[in-house]
Amino acid sequence: MDHAADAHRTDLMTITRFVLNEQTKHPESRGDFSILLSHIVLGCKFVCTAVNKAGLAKLLGLAGETNVQGEDQKKLDVLSNEVFIKALVSSGRTCILVSEEDEEATFVEPANRGKYCVVFDPLDGSSNIDCGVSIGTIFGIYMIKDGHEPTLDDVLQPGMNMLAAGYCMYGSSCTLVLSTGSGVNGFTLDPSLGEFILTHPDIKIPKKGKIYSVNEGNAKNWDGPTSKYVQSCKYPADGSSPKSLRYIGSMVADVHRTLLYGGIFLYPGDKKSPNGKLRVLYEVFPMSFLMEQAGGQAFTGKQRALDLVPEKIHERSPIFLGSYDDVEEIKKLYAAEEQN
């Protein structure tokens, strides 16, 4: 046994240590935010374990069937939703929860109430579970204004009011990417310790990328600027090398790659879905927040994504996000279209 190496492993920057270090920078802090984050992290670990067993689910009777005891077994996305709702309510730090799985927002009863609102997609890309593609949890955190009864208006705020956002990707490894408003950091789950370790400190997206990511199956319904942009990715007018296309179809995986390697991720509106497919509160906002914190941009085709004010909790919006220069190009195309 290599004792020296083992001793070194206790010197790792875990996510708990990281969050507590951040907390010391705010002397007025009472630790509520740190407690909330630790409950989100626990939810992510739980879902990670469940996702890893997903391939065996049919064999073990875990997926939407009835087991030997006559109990109904839950599908993974429903299970993930319950895990996060319970983890967040039991933290005693939340007042409103908005989940992709629930039609209505959940208002926490007064005895368990705190000052934070959490918006989340418990298992984004869950249709990809059966083929082993990376899927993930996306979340964003708002704080309510002091001293009033929480209402839906407390979550129907622009993304720029978010305190923190992040996602946890369940893939070849379990990676949690988090921003509390001062940069972006990535943590990887060490299964032997059951701890998230800081592996990607201060992530910065390259200023320009070589990859574009979009569902080209929708091309016939696209508007002018999107069609022109994708055309310029494939046939650059200046004779430079074309961009590579990479599209997984799981937002967490596509955005994660964009964040680390640079490039642009597009989910435009089209004739069939004028507002695109992605939901503002728990997909567009958290990912846009992370992109801007990493030095990139996020744009809806009309405005900066984080300036959008949602009117409904499950509202959708087109989104273009990624490297600064790449998003700048699509902004120019939309501006030109508007002038015409």
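The values are calculated or read from the model by the stated rules, or taken from the named source; none is laboratory data. A quick note: this is a predicted structure, and the numbers were derived from the prediction, not measured. Cβ: placed from backbone, ideal geometry, glycine included. Neighbour counts: every protein chain shown. Side chains are part of the model used for accessible areas, which takes the heavy atoms of the whole protein and leaves out ligands, DNA and RNA. Shrake-Rupley method; radii C 1.70, N 1.55, O 1.52, S 1.80 Å.
Can you name the residue in the stretch 298-339 that is at pLDDT 95 or above and among the acidic types (Asp, Glu) and is also nearest to the chain's Cα centre (by Cα) among such residues?
Glu315
Please work out which one of (1) outside any strand (DSSP E or B); (2) closer than 28 Å to Glu311 by Cβ; (3) in the same structural domain as Leu42 (by TED's automatic domain parsing) is the condition Ala165 fails and give its number.
It fails just one condition, (1).
Among (1) open to solvent by 10 Å² or more (accessible area, probe 1.4 Å); (2) farther than 22 Å from Pro206 by Cβ; (3) outside any loop (DSSP other than H, G, I, E, B), which single condition is Lys302 missing?
If we test Lys302 against (1) open to solvent by 10 Å² or more (accessible area, probe 1.4 Å); (2) farther than 22 Å from Pro206 by Cβ; (3) outside any loop (DSSP other than H, G, I, E, B), just (3) comes out false.
If a residue must be in contact with a Gly (Cβ under 8 Å, 6 or more places away or on another chain) and on the phi > 0 side of the Ramachandran plot, how many such residues does the stretch 283-340 contain?
2
Filter the stretch 246-266 down to the residues that are closer than 13 Å to Gly125 by Cβ and in contact with a helix residue (DSSP H, G or I) (Cβ under 8 Å, 6 or more places away or on another chain), then identify the one that is surrounded by the most Cβ atoms within 10 Å (Cβ to Cβ).
This residue is Val255.
Quick one: is Tyr116 surrounded by 15 or more Cβ atoms within 10 Å (Cβ to Cβ) and more than 28 Å from Gly249 (Cα to Cα)?
Values: surrounded by 15 or more Cβ atoms within 10 Å (Cβ to Cβ): yes; more than 28 Å from Gly249 (Cα to Cα): yes.
The answer is yes for Tyr116.
Going by what's in this entry, would Gly269 be described as over 30 Å from Asp153 (Cα atoms), out of contact with any Phe, Trp or Tyr (no Cβ under 7 Å at 6 or more places or on another chain) and surrounded by fewer than 23 Cβ atoms within 10 Å (Cβ to Cβ)? Outline the logic, then answer.
Details: over 30 Å from Asp153 (Cα atoms): no; out of contact with any Phe, Trp or Tyr (no Cβ under 7 Å at 6 or more places or on another chain): yes; surrounded by fewer than 23 Cβ atoms within 10 Å (Cβ to Cβ): yes.
Taking the combined requirement at face value, the residue does not satisfy it.
All but one of (1) among the acidic types (Asp, Glu); (2) open to solvent by less than 30 Å² (accessible area, probe 1.4 Å); (3) in contact (Cβ under 8 Å) with a residue 60 or more places away in the chain hold for Glu195; state the number of the condition that does not hold.
Every listed condition holds for Glu195 apart from (2).
Please go through the stretch 89-106 and pick out each residue that is hydroxyl-bearing (Ser, Thr, Tyr), open to solvent by 30 Å² or more (accessible area, probe 1.4 Å) and touching a strand residue (DSSP E or B) at 6+ places or on another chain (Cβ under 9 Å).
Narrowing the stretch 89-106 to residues hydroxyl-bearing (Ser, Thr, Tyr): 90-91, 94, 99, 106.
Those still in the list that are open to solvent by 30 Å² or more (accessible area, probe 1.4 Å) too: 90, 106.
Result: Thr106, single match.
Going by the structure shown, is Lys228 open to solvent by 20 Å² or more (accessible area, probe 1.4 Å), at pLDDT 95 or above and of a type outside the set (A, V, I, L, M)? Even if it seems obvious, please write down each step before you answer.
On the way: open to solvent by 20 Å² or more (accessible area, probe 1.4 Å): yes; at pLDDT 95 or above: yes; of a type outside the set (A, V, I, L, M): yes.
So Lys228 fits the description; yes.
List the residue pairs whose Cβ atoms are under 7 Å apart, where the first residue sits in the stretch 1-25 and is acidic (Asp, Glu), the second is modelled with pLDDT of 90 or more, and the two are 6 or more positions apart or on different chains.
Once the first residue is acidic (Asp, Glu) and sits in the stretch 1-25, its partners that are modelled with pLDDT of 90 or more give Glu22/Thr180.
Kindly establish whether Asp307 is open to solvent by 10 Å² or more (accessible area, probe 1.4 Å) and more than 30 Å from Asp154 (Cβ to Cβ).
On the way: open to solvent by 10 Å² or more (accessible area, probe 1.4 Å): yes; more than 30 Å from Asp154 (Cβ to Cβ): no.
For Asp307, the condition - open to solvent by 10 Å² or more (accessible area, probe 1.4 Å) and more than 30 Å from Asp154 (Cβ to Cβ) - is not met.
Within the stretch 139-157, is there a residue that is in a helix (DSSP H, G or I), surrounded by fewer than 18 Cβ atoms within 10 Å (Cβ to Cβ) and in contact with a strand residue (DSSP E or B) (Cβ under 8 Å, 6 or more places away or on another chain)?
At the first step, the residues of the stretch 139-157 found to be in a helix (DSSP H, G or I) are 152-154.
The next check asks that each one be surrounded by fewer than 18 Cβ atoms within 10 Å (Cβ to Cβ); those that pass are 152-153.
Filter again for in contact with a strand residue (DSSP E or B) (Cβ under 8 Å, 6 or more places away or on another chain), leaving 152.
Yes: one or more hits.
Assuming Lys243 fulfils every condition listed in (1) open to solvent by 10 Å² or more (accessible area, probe 1.4 Å); (2) at pLDDT below 95 apart from one, which condition is it?
Here Lys243 meets the rest and fails (2).
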